[in-house]
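Enquirer: Here's a structure for you.
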Amino acid sequence: MTICVTGGAGYIGAHIVRLLQQAGQAVTVIDDLSYGQASRIGSARLVQLDLADTAEIPRLQAALDGCVAVIHVAARKQVGESVERPAWYYQQNIGGMANLLLAMRAQSVERLVFSSSAATYGVPPAGRVAEDITMRPINPYGESKLAGEWLARDAARAWGLRAVNLRYFNVAGAGWEDIGDPAVLNLIPMVLEKLYENRRPAIFGDDYPTEDGTCVRDYIHVLDIATAHMAALDYLNRADRPFDVFNIGTGSGHSVRRVIEMIGQVSGLDVTPDIEPRRPGDPPLLVSDVSRIERVFGWKAGHDLESIVESSWRAWQAGPKRISV
Ligand code: UFG
């Protein structure tokens, strides 16, 4: 009764793995360790392989022996990089998903939770985004995630896979200090890195059509992301659920300026920002409609922005780039 977590040694995956382990669940992690670290997965079994490598399918299949479900987190996730290397993104994200589904079918593993993304929406119409709007991703990363959802849907039709696609909004925070986000690719770590370097945080554009002119996002605590996966597994245990897609967010938006102010409040540091030009491709507002996941899973995010920023700060301060206060 093992659960397989691909990408389990990465930031989000490690939180899911830890929660599963705390629930007494046996876990197999499949990770290429390109970003992940073996030290993050505790006693879980590690199988190191590149999912996108078709030559690895037999090893992948063997790794799935005894698994009842797969949580597929492993993927490339940098929007800018996906624009520069589109074919590689498709190969990695769609190829990896296809190989995984082939191996799952061969091993009769019939439950899948797939990490999708709000990037599949592109620049949605104003207001909270519900799952059933027309999907218009605007970069290869978002496109590869949407195609992943289609692969899961088609496998559900073809051979009885039961799949849940979870569209993550802006994941941040840390559930435990030792498994915070080690990458500096998103707003909170980017601000903390600037503060570490004794520089001012940057706001990429303050002339958007939002309340304070800066972009608004739905920040969701990584622990809430992890509990949503547990709820998704429960949901898939009910045999009548073949395929569905859910947003994971809080339903509340916060502006870039607000997030930076919160970092100042939590750290006690001067966070006066520099206003820089807009970053291409940023939608002004991206906030989830969470009514479907609340209704169907009975799941609700439990952490607010303060808790996200506080936990990010603590994990940052426990790491190698401690900021003197
Ligand atoms: N931003 C700044 N200054 C910074 C860093 C970011 O102003 O130093 C702004 C960005 O321009 C954007 C907002 O902060 O308006 C959030 O930016 P992030 O890079 O943290 O996140 P994104 O919303 O661009 O994207 C994230 C993930 C994607 C995912 C998406 C889904 O990185 O993979 O959320 O909502 F698809």
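The values are calculated or read from the model by the stated rules, or taken from the named source; none is laboratory data. Only a predicted model underlies this, so the values are computations on that prediction, with no experimental measurement involved. Positions of Cβ are backbone-derived with ideal geometry, glycine not excepted, and every protein chain shown enters the neighbour counts. Accessible surface is based on the protein model in full, side chains and every heavy atom, while ligands, DNA and RNA are left aside. Shrake-Rupley method; radii C 1.70, N 1.55, O 1.52, S 1.80 Å.
Enquirer: State whether the residues of the stretch 10-20 include one that is part of a strand (DSSP E or B), touching a strand residue (DSSP E or B) at 6+ places or on another chain (Cβ under 9 Å), at pLDDT 95 or above and over 26 Å from Pro140 (Cβ atoms).
Expert: Looking for residues that are part of a strand (DSSP E or B), touching a strand residue (DSSP E or B) at 6+ places or on another chain (Cβ under 9 Å), at pLDDT 95 or above and over 26 Å from Pro140 (Cβ atoms), one finds none in the stretch 10-20, hence no.
Enquirer: Select, from Thr272, Thr250, the only residue that is over 20 Å from Pro201 (Cβ atoms), among the β-branched types (Val, Ile, Thr) and modelled with pLDDT of 95 or more.
Expert: The match here is Thr250.
Enquirer: Quick one: which helices (runs of 4 or more DSSP H) sit completely within the stretch 80-164 and have at least 3 residues that are in contact with a Leu (Cβ under 8 Å, 6 or more places away or on another chain)?
Expert: Filter on the stretch 80-164 gives 96-106, 140-159.
Enquirer: Something else now. Which residues, taken from the stretch 283-295, are open to solvent by 30 Å² or more (accessible area, probe 1.4 Å) and within 9 Å of the ligand (Cβ to nearest atom)?
Expert: Pro284
Enquirer: Also, I was wondering about something else. Of the conditions (1) under 23 Å from Gly175 (Cα atoms); (2) part of a loop (DSSP other than H, G, I, E, B); (3) open to solvent by less than 70 Å² (accessible area, probe 1.4 Å), Arg322 satisfies every one except a single condition; which number is it?
Expert: Among (1) under 23 Å from Gly175 (Cα atoms); (2) part of a loop (DSSP other than H, G, I, E, B); (3) open to solvent by less than 70 Å² (accessible area, probe 1.4 Å), the lone unmet condition for Arg322 is (3).
Enquirer: Also, I was wondering about something else. Of all residues being hydroxyl-bearing (Ser, Thr, Tyr) and open to solvent by 20 Å² or more (accessible area, probe 1.4 Å) in the stretch 131-161, which is nearest to the ligand (Cβ to nearest atom)? Just the residue, please.
Expert: Among those that are hydroxyl-bearing (Ser, Thr, Tyr) and open to solvent by 20 Å² or more (accessible area, probe 1.4 Å), it is Tyr141.
Enquirer: Now for a different question. In this structure, is Lys321 at pLDDT 95 or above and under 21 Å from Ala226 (Cβ atoms)?
Expert: no
Enquirer: Of the numbered conditions (1) in a loop (DSSP other than H, G, I, E, B); (2) within 10 Å of the ligand (Cβ to nearest atom); (3) open to solvent by less than 20 Å² (accessible area, probe 1.4 Å); (4) in contact (Cβ under 8 Å) with a residue 60 or more places away in the chain, Asp206 satisfies every one except a single condition; which is it?
Expert: (3)
Enquirer: Take the residues of the stretch 38-51 that are in contact with an Asp or Glu (Cβ under 9 Å, 6 or more places away or on another chain), outside any helix (DSSP H, G or I) and of a type outside the set (D, E, K, R): which is nearest to Leu100 (Cα to Cα)?
Expert: Leu51
Enquirer: Residues to consider are Val113, Val164, Val109, Val184; find the one that is within 16 Å of the ligand (Cβ to nearest atom) and either touching a strand residue (DSSP E or B) at 6+ places or on another chain (Cβ under 6 Å) or of a type in the set (A, V, I, L, M, F, W, C) (or both).
Expert: The match here is Val184.
Enquirer: Now, a different point. Consider Ala26 carefully, then state whether it is open to solvent by 10 Å² or more (accessible area, probe 1.4 Å), touching a residue at least 40 places away in the same chain (Cβ under 8 Å), in contact with a Ser or Thr (Cβ under 7 Å, 6 or more places away or on another chain) and under 26 Å from Thr227 (Cα atoms).
Expert: no
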